[in-house]
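*Asks:* Submitted below is the structure of interest, expressed as structure tokens.
The values are calculated or read from the model by the stated rules, or taken from the named source; none is laboratory data. Computed from a predicted structure; not experimentally measured. All Cβ positions, glycine included, derive from the backbone under ideal geometry; neighbour counts span all protein chains shown. Note: areas computed on protein heavy atoms with side chains; ligands, DNA, RNA excluded. Shrake-Rupley method; radii C 1.70, N 1.55, O 1.52, S 1.80 Å.
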Amino acid sequence: MRIDENRLRFLRRYFDEVMFSLIDFRLSLEAPVGPTGFPKYEQLRSVIARLDPSSQTIARLFRLGEPADATSVEAIPPAVMDAFATTGLLVPDAAGWRTPNLVLVPLEGMLVFASVPPSYPTASGPCSVWFDLSSYVIARALPGSLAGARVLDVCSGTGIQSLLCAARGAASTLGLEINEQAVEVARINAAMNGLGASIEFRRSDRLAGLRDAERFDFVVCNTPYAPVLENDEAPAGPAAVGNSVLFGVLEELPGRLSEEAGGIIATWRSIGRGASTWQSERLSSHLAGKGMSTVAFQDRAPDNLDGVLRILSTDLEPRLGAARAAGVATAAARVLRDSGAEEEGFFNEVILFRRSPSPAETHVRRLRQSGAPAAGQNVKGA
Ligand SMILES: C[S@@+](CC[C@H](N)C(=O)[O-])C[C@H]1O[C@@H](n2cnc3c(N)ncnc32)[C@H](O)[C@@H]1O
């Protein structure tokens, strides 16, 4: 792909002119976004089939990741086709033209390219440019204004959170991401949305790509769920399960923050512990020790213990082999059962933190299950 700022901006104007975001919103009323962050393929396809032929071509190419034949792409003006071909956002294919395994997602005024979701039959490669429901969740948790802030986006994926921070006034935004293709696509996304000048994306394992003097006023950190365990060993306790990328980031992060800093951290499938979770307590007590207070919004995750153990085994097997992975998974299962994970359930949580003169307490907000008592109290003193 090629970062050609002028052509990418021209393409953004084209997507606005064909009302891509509006049409996507209308489609979403009949084919809503599911837990994967995307509508079900067949459902979306059947609504798209009712669009006019020219909108159908755009939606099939950029929402379904389908190829379009030479006759269908005649609906796209030649200058636009030239810009798609030059930037590499459409590539020739036996059937005509298609994206390089990308779909286009509208969110909060931005348009970002992300990998075709693995659940779609059109996926033609690995899901390197990650986007899912968590991306929507974090986008909704961002502050309305970040005027003048130096922002760090850890595990930036498509770059959507960086783009939103830049659009909300950040003075500078740096996205760190381990996957090279994601870094390339994030740069395309920034340029296409006219934000390339204030955002930088670097390839980086956790915070390794930071320079010595770099400090930040706001951090957004939507890390992956896997690898689930630190060190690929049996966990010492329930707090050691989950989001090991995040736990590594947390060690170094406080030293990178300015005096007035704050941020957003997400943890997925955290293990319930009364009115809070083991992971939230670990995280908030770590941050409290660095002078920061936290507020967590916890939402019941759809996962059960068997599902979490399945994810754990799938994550471990490629690294440890089947026999060792089974041993670690059995030990993890014991730890989780003993901690009451089956009864307490799993939670997805978004945690806001900021420097505070009295950082000793975590406030938990929780969407309770019907019939269960609400949590909404201060749950711990550090
Ligand atoms: C849940 S996605 C979040 C993407 C994006 N921030 C968003 O909200 O849409 C997690 C991202 O972390 C990246 N990642 C995984 N391990 C990483 C690591 N060790 N260092 C940096 N990025 C990593 C993945 O490639 C993926 O893009």
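*Asks:* Looking only at segment 38-68, count how many residues are open to solvent by 70 Å² or more (accessible area, probe 1.4 Å), among the acidic types (Asp, Glu) and assigned to a loop (DSSP other than H, G, I, E, B).
*Replies:* Result for segment 38-68: 1.
*Asks:* When the residues of segment 155-184 are narrowed to those that are more than 14 Å from LEU210 (Cβ to Cβ) and of a type in the set (Ser, Thr, Tyr), which ends up nearest to the ligand (Cβ to nearest atom)?
*Replies:* Top of the filtered list is THR158.
*Asks:* Another question, then. Of all residues in segment 228-239, count the ones that are touching a Lys or Arg at 6+ places or on another chain (Cβ under 8 Å) and open to solvent by 20 Å² or more (accessible area, probe 1.4 Å).
*Replies:* 2
*Asks:* Another one. Considering each of ALA79, ALA85, ALA123 in turn, give the residue that is open to solvent by 10 Å² or more (accessible area, probe 1.4 Å), assigned to a loop (DSSP other than H, G, I, E, B) and among the aliphatic types (A, V, I, L, M).
*Replies:* ALA123
*Asks:* Could we say that GLY65 is closer than 30 Å to GLY255 by Cβ, without any contact (Cβ under 8 Å) to a residue 60 or more places away in the chain and not acidic (Asp, Glu) here?
*Replies:* When the stated conditions are applied, GLY65 does not pass them.
*Asks:* Just give me the residues in segment 214-225 being within 12 Å of the ligand (Cβ to nearest atom) and either under 11 Å from ARG256 (Cβ atoms) or open to solvent by 40 Å² or more (accessible area, probe 1.4 Å) (or both), in sequence order.
*Replies:* If the condition is that a residue be within 12 Å of the ligand (Cβ to nearest atom) and either under 11 Å from ARG256 (Cβ atoms) or open to solvent by 40 Å² or more (accessible area, probe 1.4 Å) (or both), then VAL219, PRO224 are the ones that fit.
*Asks:* Any chance segment 96-119 includes a residue that's farther than 28 Å from SER162 by Cα and surrounded by 15 or more Cβ atoms within 10 Å (Cβ to Cβ)?
*Replies:* yes
*Asks:* Across segment 126-154, what is the total count of residues that are among the hydroxyl-bearing types (Ser, Thr, Tyr), within 10 Å of the ligand (Cβ to nearest atom) and part of a loop (DSSP other than H, G, I, E, B)?
*Replies:* 1
*Asks:* Quick one: what pairs do we get from segment 99-123, first residue more than 20 Å from GLU177 (Cα to Cα), second of a type in the set (Asp, Glu) and at pLDDT 95 or above, C-beta under 7 Å, 6+ apart or different chains?
*Replies:* PRO106/ASP24; THR122/GLU66
*Asks:* A further question follows. Pairs only if they're at least six apart or on different chains, beta carbon under 7 angstrom, first in segment 179-190 and free of Cβ contacts under 8 Å to residues at least 60 places away in the same chain, second open to solvent by 50 Å² or more (accessible area, probe 1.4 Å); list them, first residue then second.
*Replies:* Close Cβ pairs (under 7 Å, with a partner that is open to solvent by 50 Å² or more (accessible area, probe 1.4 Å)) amount to GLU180/ARG203; ALA182/TRP130; VAL183/ARG203.
*Asks:* I've got another one for you. Can you give me the number of residues within segment 66-121 that are more than 16 Å from the ligand (Cβ to nearest atom), on the phi > 0 side of the Ramachandran plot and modelled with pLDDT of 95 or more?
*Replies:* Going through segment 66-121 one residue at a time, the tally reaches 1.
*Asks:* Now for a different question. Pick out the one residue from ARG211, ARG256 that is open to solvent by 40 Å² or more (accessible area, probe 1.4 Å) and more than 21 Å from GLY345 (Cα to Cα).
*Replies:* The conditions single out ARG211.
*Asks:* If GLY272 passes every condition in (1) away from the ligand (no atom under 16 Å from the Cβ); (2) part of a helix (DSSP H, G or I) but one, which one does it miss?
*Replies:* For GLY272, the exception is condition (2).
*Asks:* Next up: What number goes with the only condition from (1) touching a residue at least 40 places away in the same chain (Cβ under 8 Å); (2) surrounded by fewer than 20 Cβ atoms within 10 Å (Cβ to Cβ) that GLU251 does not pass?
*Replies:* The one condition GLU251 does not meet is (1).
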